[in-house]
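Participant: Quick one: this structure, given as structure tokens, is what I'll be asking you about.
Just so it is clear, none of the values below were taken in a lab; they were calculated from the coordinates. On a predicted model such as this, the values are computed, not experimentally measured, just so you know. With ideal geometry, Cβ positions are generated from the backbone for all residues, glycine too; neighbour counts draw on all protein chains shown.
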Amino acid sequence: KLSDLNPSVFDLKSKLKKYKQAGHKLDYWKATTKTGHWNHEGHHIIADFLTKRLMNQYLNHSNKF
């Protein structure tokens, strides 16, 4: 059961909301003038966020491995 594994939950929604409020359009593609999936900036921000969280989690729990 997934709940038995004690999975971590990362609050990506609030991170993206902060960027949106700052005027970033993380789902706008200038080349096509359309919105949709995350653009290059959005992917970079999300990758950086997740990398930091996962590294922090791994380093804090590395003695279990």
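Participant: How do the peptides 45-56, 21-32 rank, highest first, by the average count of neighbouring beta carbon atoms within 10 Å per residue?
Facilitator: Working: 45-56: 12.8, 21-32: 11.2.
Highest-to-lowest ranking by the protection proxy: 45-56, 21-32.
Participant: Place a point 7 Å from Cα of SER8 in the direction of its Cβ. Which residues in region 20-58 have their backbone N less than 17 Å from it?
Facilitator: Within reach of a label on SER8, which here means backbone N under 17 Å from a point 7 Å along Cα→Cβ, region 20-58 contributes 46-58.
Participant: With each pseudo-label sitting 7 Å past Cα toward Cβ, what's the ASP27-ARG53 distance in nm, one decimal?
Facilitator: 1.8 nm
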